[in-house]
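The values are calculated or read from the model by the stated rules, or taken from the named source; none is laboratory data. Keep in mind that what you see is a predicted model, and the values were worked out from it rather than measured. Positions of Cβ are backbone-derived with ideal geometry, glycine not excepted, and every protein chain shown enters the neighbour counts. Remember, those area values only see protein heavy atoms, side chains included, never the ligands or the DNA or RNA. Shrake-Rupley method; radii C 1.70, N 1.55, O 1.52, S 1.80 Å.
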Amino acid sequence: MCGRVKKPGDRSGISIARLHGDIAMNRLLEGLRIVESVAFVAAPLGGLTLSQMGADVIRIDPIGGGLDSQRWPLSESGKSLYWAGLNKSKRSICIDLRRPEGQALARDIITAPGADAGILLSNFPARGWLAYDDLALARDDLIMVNIVGNTDGSTALDYTVNCAVGLPQITGGGHDNAPVNHVLPAWDISAGLTAAVAILAAERHRRSTGEGQYVRLSLADVALAMVGHLGFIAEADHGRSQRRAHGNHLFGAFGRDFATIDGRRIMIVAISPRQWRNLCEATGLAEKMALLEQVFEADFDREGDRFEARDAIASLIETWCETRSLVQIAEVFDAAGVCWGRYQSFRQLLDEDARCSVDNPLFELVEHPGVGEYLMPGSTLDFGAAPRVSMQAATQMGQHTDEVLSEILGLGDAEIGRLHDSRIVAAA
């Protein structure tokens with residue numbers, strides 16, 4: 001996992017084409033046009049996922065920027081790195097959506113003709129100028145995927161949903177009176193990826209039937225479905241006792257964090273019998289683990305038995321780890337095929353981990369307007385039938401206003417100029 005990592009500014013071994021091109025992507029969805037009216041994480045991520053597969057994603061924002069245009073983290077120049085990260089490869093148009101003429105202009109862009117157009121992704125209320133039935137009057141095969149908060153349509157964010165599904169009570173040292181939140185917006189991420197799937201499914205249906213449709217996706221339902229899929233709801237429903245927080249122990253198998261002699265921490269996991277045997281052989285603890293099996297009257301080839309004996313098992317591995325450095329452990333574990341990982345900060349991830357570098361085809365060094373050059377990820381999908389080509393970095397707000405008005409609505413220079421003069425639209 002370690003090795004020489006190329007950092008921003010280190011251009012050795014990088015082709016000129018990669019430096020002046022942008023993030024690698026594919027073109028499987030080339031020609032598909034999606035219009036976004038979005039904010040925050042879930043909906044922009046849905047559009048990003050499709051844009052990184054070649055779709056033309058046009059983001060409509062109010063003049064001056066939307067709700068998420070200045071969200072932290074910020075660059076030294078004050079630009080939102082959050083916004084830049086979620087809006088790579090999209091086109092941007094700024095419209096005064098408070099005025100009827102601006103709303104009409106946005107509707108025209110959404111419902112513009114084209115067999116691969118007429119698709120809207122939004123996480124704003126589907127009412128007013130965004131009401132599906134009204135939009136469908138201009139295009140009866142319109143597809144609209146609308147992400148809402150709670151199932152009843154009331155407001156919810158990832159953090160208000162996550163606190164309700166039981167996970168903070170079993171996270172870390174969580175307790176009913178002292179729940180522990182995690183910082184990853186898991187339900188936003190799941191909802192965004194689900195929205196991308198919904199668009200592709202609805203578009204396939206339209207190709208087969210000619211029918212458009214309104215697709216509603218609840219953030220809370222995404223979370224509830226997932227805790228249901230993973231057995232949390234069934235566990236409670238079957239009358240078993242409330243699951244406790246187990247710190248960094250992996251529930252139902254063996255896994256825990258351990259300290260090294262040089263002050264680093266690692267995570268060791270043994271879910272399968274092979275992973276367990278590899279761990280025992282790498283640490284030289286096979287005989288002692290066999291004795292523990294006798295003490296616990298257990299079979300450590302069964303992951304549940306390893307979980308029941310987790311503290312005793314961990315005490316042996318803890319002693320082994322705390323007498324070795326991270327480098328020493330890495331050499332032994334990698335040679336033996338142990339499933340493990342190192343704890344590292346974002347800075348350490350960038351400085352020490354070869355996976356987070358231009359050595360990984362996922363990443364490219366990209367010049368972002370107003371921010372500078374930094375490492376950006378492209379699509380995680382590597383399609384054998386669609387070689388990766390360059391993708392645009394995040395655009396400046398309103399950068400494509402004139403282009404979209406001309407290309408999609410067919411407006412001439414005079415009319416575009418009038419819209420700018422009357423402040424119905426704005427450009428970067």
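Estimated purely from DSSP H runs of n ≥ 4, each contributing -39500 (n - 2.57), the mean residue ellipticity at 222 nm for the chain is -11000 deg cm²/dmol once divided by its residues.
Using a probe of 1.4 angstrom and keeping all protein chains present, the accessible surface of the chain works out to 50 square angstrom per residue. Test of understanding: extend the Cα→C-beta vector of ARG127 to 7 Å, then name every residue of the range 149-173 with backbone N under 17 Å from that spot. The answer is 149-156, whose backbone nitrogens lie closer than 17 Å to the label point.
Tell me which GluC sites (Glu not before Pro) from the range 224-304 have a DSSP coil assignment and no more than 12 other beta carbons within 10 Å of their own.
Values: sites: GLU235, GLU281, GLU287, GLU293, GLU297, GLU303; in loops: GLU297.
In loop regions of the range 224-304 (DSSP not H, G, I, E or B), the sparsely surrounded GluC sites (Glu not before Pro) are GLU297.
For the range 56-196, what is the charge dipole size about the Cα centre, in debye to the nearest 20, if Lys and Arg each add +1 at the Cβ and Asp and Glu each add -1 at the Cβ? Working shown, then result.
Values: 11 positive and 16 negative charges, 77 e Å.
Dipole size: approximately 360 debye.
Determine the gain in length on full extension of the stretch HIS182-LEU316; use 0.36 nm per residue of separation and subtract their C-alpha separation, reporting nm with one decimal. Don't jump to the answer; show the numbers that get you there.
On the way: separation 134, 0.36 × 134 = 48.24 nm, distance 2.93 nm.
That pair, HIS182 and LEU316, stretches by 45.3 nm at full extension.
If you model the chain as an ellipsoid using its alpha carbon gyration tensor, with each semi-axis the square root of five times an eigenvalue, the axes come out at 47, 27, 19 Å, biggest first. Per-residue surface analysis assigns VAL371 an accessible area of about 50 Å², computed on protein heavy atoms at 1.4 Å probe radius. If R0 is taken as 60 Å, the Cβ-Cβ distance between VAL327 and ALA414 corresponds to a FRET efficiency of 0.30. Give the calculated FRET efficiency between ALA138 and HIS205 to the nearest 0.05, with a Förster radius of 25 Å applied to their Cβ-Cβ distance. The value I calculate is 0.80. Only Cα pairs under 8 Å and 6+ residues apart enter the sum, and on that basis the relative contact order of the chain stands at 25 percent. Modelled this way, with points 7 Å down the Cα-to-C-beta line, the labels at ILE189 and GLU367 are 3.2 nm from one another. Split the accessible area of the range 319-394 by element, probe 1.4 Å, and carbon with sulfur accounts for 58%.
Computed from Cα atoms, the angle from the helix 219-229 axis to the main principal axis of the chain rounds to 30 degrees.
The convex hull drawn around the Cα atoms of the range 268-385, when projected onto a plane and averaged over every direction, covers 10.7 nm². Using the Cβ-Cβ distance between ARG244 and ALA428 with R0 = 60 Å, the FRET efficiency computed as 1/(1 + (r/R0)^6) comes to roughly 0.70. For the range 160-233 versus the range 298-371, the spacing of their alpha-carbon centroids is 28 Å.
A straight chain from ASP421 to GLU297 at 0.36 nm per residue would run longer than the Cα-Cα distance by 36.5 nm.
Loop-resident trypsin sites (Lys or Arg not before Pro) (DSSP state other than H, G, I, E or B) in the range 238-268 with no more than 12 further Cβ atoms inside 10 Å of their Cβ: ARG240, ARG244. Seen from all directions on average, the range 21-93 presents a Cα convex hull projection of 5.2 nm².
Would you kindly state how much longer the chain becomes between ASP108 and LEU74 on full extension, computed as 0.36 nm times their sequence separation minus their alpha carbon distance, in nm to one decimal? Mind dumping the intermediate values first?
Working: separation 34, 0.36 × 34 = 12.24 nm, distance 3.37 nm.
Length gained, ASP108 through LEU74: 8.9 nm.
Relative contact order of the range 297-428, please, whole-number percent, based on alpha carbon pairs below 8 angstrom and at least 6 residues apart. Over the range 297-428, the number comes to 11 percent. Round to a whole angstrom and tell me the spacing of the C-alpha centers of the range 118-137 and the range 45-117. Each part's Cα centre sits 15 Å from the other's.
For the chain, the Cβ-based charge dipole about the Cα centre amounts to some 320 debye (Lys, Arg positive; Asp, Glu negative; other atoms uncharged). Among beta bridges identified by DSSP and lying wholly in the chain, the antiparallel ones come to about 55 percent. Distances between placed amide hydrogens fall under 5 Å for ARG59 paired with GLU36, ARG91, SER92, ILE93, all partners being 5 or more residues away or on another chain. The residue list GLY149, GLY128, GLY228 was ranked by how far each Cα lies along the charge dipole of the range 113-258 toward its positive end, using unit charges on Cβ atoms, and GLY228 comes out on top. Computed on the range 255-359, with alpha-carbon pairs under 8 angstrom and 6+ residues apart, the relative contact order is 39 percent.
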